[in-house]
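Structure first, commentary second.
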Ligand SMILES: [Zn+2]
């Protein structure tokens with residue numbers, strides 16, 4: 001069964017309310033509604049890009065905006081320096097060609113809490 005891209009498109013249209021962290025003309029970063037880690041932010045392009053494996057993911061301006069969004073989020077949420085409650089920094093995960101993944105490119109910014117297993121197995 002092919003997944004539909006309702007989630008990211010509903011976030012982008014404003015139909016689904018999210019807590020935004022950063023936004024510019026190309027990308028949007030928002031807190032995941034069901035965070036899997038102490039901090040869990042999702043970064044998505046505003047233009048539809050189905051996945052990391054799509055030709056449209058090779059747009060240099062878009063990639064620069066995605067990385068710029070990560071930098072903004074890291075500074076805004078204090079992820080750029082170790083904190084007592086999340087001493088292990090953060091990592092960025094981009095799922096691709098995995099079953100059950102929404103077909104709109106999205107990168108996860110994840111900061112594990114102090115008690116989390118490290119390095120993480122997932
Ligand atoms: Zn989409």
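Which of these, 52, 62, 16, has the largest mean-square fluctuation under a Gaussian network model of the chain (Cα springs below 10 Å)?
Looking only at 52, 62, 16, the biggest GNM fluctuation is shown by 16.
Can you pull the one-decimal nm distance between simple spin-label points at residue 52 and residue 91, each 7 Å off the Cα toward Cβ?
Placing both labels 7 Å beyond Cα along the Cβ direction yields 1.2 nm.
Given springs between every Cα pair under 10 Å in a Gaussian network model of the chain, which of 57, 84, 94 has the largest fluctuation?
Between 57, 84, 94, it is 84 that shows the largest mean-square fluctuation.
Say each of residue 71 and residue 25 gets a label point 7 Å from the Cα, pointing the same way as Cα to Cβ; how far apart are those two points in nm?
Between residue 71 and residue 25, the label points sit 1.8 nm apart.
Once you keep just the Cα pairs under 8 angstrom separated by 6 or more residues, what percentage relative contact order results for the chain? Write down the numbers at each step before the final one.
Values: 194 pairs, mean separation 36.1, N = 122.
Contact order relative to length: 30 percent.
How many nm is it between the label spots at residue 59 and residue 5, if each spot is 7 Å from the Cα in line with the beta carbon?
Inter-label distance under the simple model: 1.1 nm.
On a 0 to 90° scale, report how tilted helix 60-76 is relative to the longest principal axis of the chain, with both axes built from alpha carbons and the result rounded to the nearest 10.
Roughly 30 degrees between the two axes.
Just to verify a number: FRET efficiency for residue 13 and residue 116, C-beta to C-beta distance, R0 = 35 Å, to 0.05? Please report the intermediate quantities before stating the final value.
Details: r = 34 Å, r/R0 = 0.97.
Efficiency at R0 = 35 Å is approximately 0.55.
Would you mind classifying the chain by shape? Square roots of the alpha carbon gyration tensor eigenvalues, ordered a ≥ b ≥ c; an a/c under 1.5 is rounded, otherwise it is prolate if a/b is larger than b/c and oblate if not.
Numbers: a/c = 1.68, a/b = 1.46, b/c = 1.15.
Note, shape of the chain comes out prolate.
Which whole-angstrom value gives the distance between the alpha carbon centres of region 1-68 and region 75-122?
After rounding, the separation between the Cα centres reads 15 Å.
Values quoted throughout were computed directly from the atomic coordinates according to the rules given, and no laboratory measurement underlies them. Quantities reported herein were computed from a predicted structural model and do not represent experimental measurements. Reconstructed Cβ throughout: ideal geometry from the backbone, glycine too, with neighbour counts over all protein chains shown.
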